[in-house]
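Each reported figure results from applying straightforward, stated rules to the coordinates on display, with no laboratory input. As the structure is a prediction and not an experimental result, all values here were calculated from the model. All Cβ positions, even for glycine, are placed from backbone atoms using ideal geometry, and neighbour counts span all protein chains on display.
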Amino acid sequence: MDSTLACLAAWMPRQRWYAAKGRTPVLRLVADLDFEGDESGGDASARGARVRTLLVADEGSDPAVLYQIPVVEHPSPAPHALDAHAIGAVADGTVLIDGIHDPSYARALLRLTTRGGVVRSDGLTATGTTTLEETEASAIALSAPAGVLEGEQSNSSLVYADEGTRIICKVYRQLQPGLNPDIELETALAAAGSRRVPRPIGWVQASWIDRGVGIDASLAFAQEFLPGVEDAWRVALRAAAAGDDFTARARDLGAATAEVHVTLARELPEQVAGAAEHEAICDAWSRRLAIAIAEVPELAPRRQAIEKIYAEGRDATFPPLQRIHGDYHLGQVVLVPDRGWVLLDFEGEPMRPMAERMLPDLALRDVAGMLRSFDYVAGSVALERPESADDAEAWAAAAREAYLVGYATASGLDRAACAPLLHALELDKAVYEAIYEARNRPTWIDIPLRAVDRLSGVARPYMA
Ligand SMILES: Nc1ncnc2c1ncn2[C@@H]1O[C@H](COP(=O)(O)OP(=O)(O)O)[C@@H](O)[C@H]1O
Ligand SMILES: O=P(O)(O)O[C@H]1O[C@H](CO)[C@@H](O[C@H]2O[C@H](CO)[C@@H](O)[C@H](O)[C@H]2O)[C@H](O)[C@H]1O
């Protein structure tokens, strides 16, 4: 196992989903799922391959981060088609392939999410749960070809496309205890009849014991794949660059957001924002600001101005808290013909502890996230073509206003009353984004930094 961990440690820093960019992980094997007992694993072992999922803790981070790494072990030489996806070779010559790209792993995952079932191996149990009826499930060929979704993702997604089969299965990379809110919220919305989320197909929950403590976490989530759709980030970028009006779509998106919030408030427990909850939310703004200033020193001179806006938000009356999307931006929504806006990825902010992401929160946090996203469109256009900056800003201002009108009309939100709270939440999101960009895309950092300047230098921008 030591040589496997050494291979992984050399390979992980090159992966998009690895959080501690620029640092070699310090790995400890926490648990190991061997699909050998599973029929699909049996299929792989017939050809000498072994399908596994390794849970490894990167103890170079504090707290340690737990990663899920599907690996298929092939006797050397591995199939030529998989050369590009080799993680490395261990001492006895066995070649480790990144499971996401290996058909044997894809098949094992499709089986668990569409047929359900349990796979047990030393110390780890993986349970597949499906929403499909038996006849629906058996119509899905386990041999459906799977492709890996390209693009900027925190996780890894496999798209299965075969006659009658269109499924996307997200494999969570960083694992945190409990049922992932992505699964919890999307299944609750779908069960309530909402078409604002893709239909859930199935998921895999794992349980194991680490250093005497029992833990369970979500490994994967399969959903209806919506073919031929582009996420709104790309659509909006094109529209802004071309100067095309986006206000009608932004208004509809505001209304769709409100509809989802109303359904979530009805289907899942709400919570009155008592003194403790109120304090916890405001304290999180301050904690985040301290981290941001430590990592992005340009923010330090703005501290007082930011804290003033936070203080105004703190003085506001908080509405009842409810479950929300949690990391809402244009990359999380797609416009589906004859269906309208569909929301994806209810996992919450990847940099926030899962225990916090699972709590009822302010629905306005999502509104603030989407407002920031329109500003990002303008910022991104301006980075590419500085001469278009003014036009892009006007485009974003119109889209933001239309989005707010759509949300307020559908939800009954009193814009004047919620202005200080929304202002604080948008500023908090920009502070989060400064950390996110410093860690992941330093060339974009000016986008949130400018927003922080603007948002900490003005009063109540939402009165309209
Ligand atoms: N059900 C789906 N149908 C079609 N495309 C999807 C679906 N779910 C996700 N996608 C595409 O995959 C991208 C990443 O998905 P997301 O759930 O946001 O992953 P991550 O958690 O890794 O960020 C989305 O922006 C969208 O383009
Ligand atoms: O999609 P994720 O859940 O992984 O979210 C993270 O990455 C996002 C970037 O992909 C990041 O969003 C920021 O950049 C977007 C443009 O790429 C922009 O539309 C968003 O408004 C902005 O916040 C998100 O913050 C981060 O959590």
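What the table below lists for this structure:
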{"quantity": "Rel. contact order, % - alpha carbon contacts under 8 angstrom, at least six apart, segment 129-213", "calculated": "26"}
{"quantity": "Two-site FRET efficiency, ASP216 against SER143, from Cβ-Cβ distance with R₀ of 30 Å, rounded to 0.05", "calculated": "0.50"}
{"quantity": "Per-pair calculated FRET efficiency, R0 = 45 Å: ALA161 and VAL26 via Cβ, rounded to 0.05", "calculated": "0.70"}
{"quantity": "Loop-located trypsin sites (Lys or Arg not before Pro) in segment 127-209 whose Cβ has at most 15 other Cβ within 10 Å (DSSP)", "calculated": "ARG195"}
{"quantity": "Sequence-distant lysines (8 or more away, or on other chains) whose Cα lies within less than 24 Å of LYS429", "calculated": "LYS21, LYS308"}
{"quantity": "The chain, relative contact order [Cα under 8 Å, separation at least 6], %", "calculated": "12"}
{"quantity": "Anisotropy class of the chain from Cα gyration tensor, a/c 1.5 cut", "calculated": "prolate"}
{"quantity": "Segment THR409-ALA397, extension gain: residue separation times 0.36 nm, minus the distance between their alpha carbons", "calculated": "2.5 nm"}
{"quantity": "Dipole magnitude of segment 230-456, debye to nearest 20 (Cβ charges: Lys/Arg +1, Asp/Glu -1, about Cα centre)", "calculated": "200"}
{"quantity": "Residue-by-residue Karplus 3J(HN,Hα) for segment 84-94, coefficients 6.51, -1.76, 1.60, Hz, glycine and proline x", "calculated": "5, 10, 6, 7, x, 10, 8, 3, 7, x, 4"}
{"quantity": "LEU219 long-range amide H proximity, modeled H, under 5 Å", "calculated": "VAL204, GLN205, ALA206"}
{"quantity": "Cα gyration tensor shape of segment 324-464, rounded if a/c is under 1.5, else prolate or oblate by comparing a/b with b/c", "calculated": "rounded"}
{"quantity": "Global geometry of segment 166-291, whether rounded, prolate or oblate, following the gyration tensor of its Cα atoms and the 1.5 cut on a/c", "calculated": "oblate"}
{"quantity": "HN-Hα J in Hz across segment 407-419 - Karplus 6.51, -1.76, 1.60, θ = phi - 60°, x for Gly and Pro", "calculated": "5, 5, 5, 7, 10, x, 4, 8, 4, 5, 5, 8, 3"}
{"quantity": "Förster radius 30 Å - calculated FRET efficiency between GLU267 and GLU312, Cβ distance, rounded to 0.05", "calculated": "0.40"}
{"quantity": "Student exercise, segment 153-291 dipole from Lys, Arg, Asp, Glu Cβ charges, in Debye to nearest 20", "calculated": "260"}
{"quantity": "Nearest-ten-degree value, helix 181-191 long axis tilted from longest Cα axis of the chain", "calculated": "80"}
{"quantity": "DSSP-assigned coil residues among GluC sites (Glu not before Pro) in segment 221-288, each with at most 12 further Cβ atoms within 10 Å", "calculated": "GLU230"}
